[in-house]
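Right, one structure below, let's go through it.
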Ligand code: RUB
C-alpha cells in the first residue's frame with residue numbers, strides 16, 4: 001500500500017512539532033490526505049479507500065491526543081463518497097477545500113458571534129489565554145464597543161499575562177488579579193469569557209484548570225459564562241462514551257524543589273485542565289453560531305457523524 005511522500009513529510013512535521021497549533025495541524029493533515037487522493041493509482045474504490053485510511057493512520061499516529069488532528073481526518077474520511085475512484089477522488093478534493101476554507105474563517109466568524117453577546121461598556125473576566133476568546137473581544141472592539149477586562153493570572157504558568165498583553169494591544173483596559181480573587185470581583189463583571197481545549201458530547205467544557213471553579217462562582221453570582229471554541233475542539237469520541245484525558249504536568253511548574261523540601265516535601269500535583277459541567281455554561285460560541293451546551297451534540301453529529309471514532313482503522 002502506497003502512502004504518499006507528502007503524507008510522510010506532513011506526519012514528520014507534526015511529530016517534530018514544526019507544524020504546531022490546533023488549526024495548523026488540522027489544515028496540514030487535510031491537505032496531506034488530498035495529496036494522497038490526487039496521486040493514488042488505486043484501481044478500485046475499495047483500494048482507494050484503503051489507501052486513504054493508511055494515509056490517515058500515518059498522520060494520526062503522530063500526535064493521537066491532539067483533538068484537531070483526528071477531527072480533520074474524520075472530516076475528510078467522512079466526506080469521501082462515491083462508487084468509482086474518480087468520484088471518490090473528486091469528493092476528497094471538495095471536502096478538503098471546504099474544510100480548509102472553513103478553518104481559515106472559523107476564528108473570525110466565531111469572534112463575530114461572540115461579539116454580539118458583548119455590549120458597549122461591558123466588563124469581561126478571562127481565564128488563561130485563548131485566541132478564540134480574544135477573537136470575540138477583538139470583533140467587539142472593531143464594532144466600536146468599549147470593553148474592560150479583569151484578567152486572572154492563571155497559575156501555575158501565568159498565561160493570563162499573555163491575555164493581558166493581547167487585550168492591552170487591542171486597547172482594552174486590563175486589571176490583573178490573582179486567581180483566588182476572582183469571586184471577589186465577579187459582581188463587577190458582565191461576562192466570564194473563556195476558551196476550551198475540548199468540548200464533550202454532553203456539553204462539558206475541558207479547559208485550563210480553574211475554569212470549573214470560576215464557572216461555579218459565576219453561576220452563584222448570576223454572571224453569564226461564555227465559552228469560545230471553534231468546532232475543531234468538539235471531541236466526537238465522547239459521543240461513544242470515551243472520556244477526555246486530562247493532562248498532568250510537571251510539579252516544578254507549581255513549586256521548585258528547594259521550596260518544596262523546605263516545607264516538609266509534600267506531594268504536589270499539577271493537573272493542566274478541568275471539566276466544567278454544562279449546567280454552569282450559558283453559551284458555547286462557535287463559528288457556526290452559539291449553542292446552549294446541552295445542544296452541542298447536534299452540531300457534533302452533523303459535523304462528525306454518529307460518533308465514528310476511528311474511521312481510518314481497517315473495517
Ligand atoms: C490553554 C487553554 C486555552 C485553550 C483554548 O492551555 O486552556 O483556554 O487551549 O485556546 P495551555 P485557543 O496554555 O496549557 O495550552 O482558543 O487559543 O485554542
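Before we move on, is residue 103 at pLDDT below 95 and buried (at least 17 other Cβ atoms within 10 Å of the Cβ)? Please lay out each step first, then the result.
Numbers: at pLDDT below 95: yes; buried (at least 17 other Cβ atoms within 10 Å of the Cβ): yes.
Spelling it out, residue 103 is indeed at pLDDT below 95 and buried (at least 17 other Cβ atoms within 10 Å of the Cβ).
Residue check, residue 226 against (1) over 30 Å from residue 3 (Cβ atoms); (2) more than 16 Å from the ligand (Cβ to nearest atom); (3) not in a loop (DSSP other than H, G, I, E, B), all met but one. Which one?
Residue 226 satisfies every listed condition except (2).
Regarding residue 11, is this residue farther than 19 Å from residue 314 by Cα, touching a residue at least 12 places away in the same chain (Cβ under 8 Å) and either surrounded by fewer than 21 Cβ atoms within 10 Å (Cβ to Cβ) or more than 16 Å from the ligand (Cβ to nearest atom) (or both)? Before you say what the answer is, go through the steps one by one.
On the way: farther than 19 Å from residue 314 by Cα: yes; touching a residue at least 12 places away in the same chain (Cβ under 8 Å): yes; either surrounded by fewer than 21 Cβ atoms within 10 Å (Cβ to Cβ) or more than 16 Å from the ligand (Cβ to nearest atom) (or both): yes.
Yes: the conditions hold for residue 11.
Could we say that residue 164 is within 16 Å of the ligand (Cβ to nearest atom) and at pLDDT 95 or above here?
On the way: within 16 Å of the ligand (Cβ to nearest atom): yes; at pLDDT 95 or above: yes.
It is true that residue 164 is within 16 Å of the ligand (Cβ to nearest atom) and at pLDDT 95 or above.
As an exercise: evaluate residue 283 against (1) closer than 23 Å to residue 181 by Cβ; (2) within 17 Å of the chain's Cα centre (by Cα); (3) surrounded by fewer than 22 Cβ atoms within 10 Å (Cβ to Cβ) and give the number of the one condition it does not meet.
(1)
Could you tell me which residue of segment 229-255 is surrounded by the fewest Cβ atoms within 10 Å (Cβ to Cβ), considering only residues that are within 9 Å of the ligand (Cβ to nearest atom) and not in a loop (DSSP other than H, G, I, E, B)?
As a first pass, look at segment 229-255 and keep what is within 9 Å of the ligand (Cβ to nearest atom): 229-230, 232-233, 247, 249.
From what's left, not in a loop (DSSP other than H, G, I, E, B): 232-233.
Values: 232: 26, 233: 23.
Going through the qualifying residues, I end up with 233.
Got at least one residue in segment 116-123 being at pLDDT 95 or above, in the same structural domain as residue 274 (by TED's automatic domain parsing), more than 14 Å from the ligand (Cβ to nearest atom) and assigned to a strand (DSSP E or B)?
The initial filter retains those residues of segment 116-123 that are at pLDDT 95 or above, namely 116-123.
Now drop any that are not in the same structural domain as residue 274 (by TED's automatic domain parsing), which leaves 116-123.
Cutting the leftovers down to more than 14 Å from the ligand (Cβ to nearest atom) gives us 116-123.
Next, only the ones that are assigned to a strand (DSSP E or B) stay: 123.
Yes, because at least one residue in segment 116-123 is at pLDDT 95 or above, in the same structural domain as residue 274 (by TED's automatic domain parsing), more than 14 Å from the ligand (Cβ to nearest atom) and assigned to a strand (DSSP E or B).
Looking only at segment 191-212, filter to residues that are in a loop (DSSP other than H, G, I, E, B) and more than 8 Å from the ligand (Cβ to nearest atom); which one of those is nearest to the chain's Cα centre (by Cα)?
So the first thing to find is which residues in segment 191-212 are in a loop (DSSP other than H, G, I, E, B), and the list is 195-197, 200-204, 209-210.
Those left that are additionally more than 8 Å from the ligand (Cβ to nearest atom): 200-204, 209-210.
On the way: 200: 11, 201: 14, 202: 16, 203: 13, 204: 13, 209: 15, 210: 17 Å.
It comes out as 200.
The values are calculated or read from the model by the stated rules, or taken from the named source; none is laboratory data. The structure displayed is predicted, hence computed values, not measured ones. In this analysis, Cβ positions are derived from the backbone assuming ideal geometry, glycine residues included, and neighbour counts consider all displayed protein chains.
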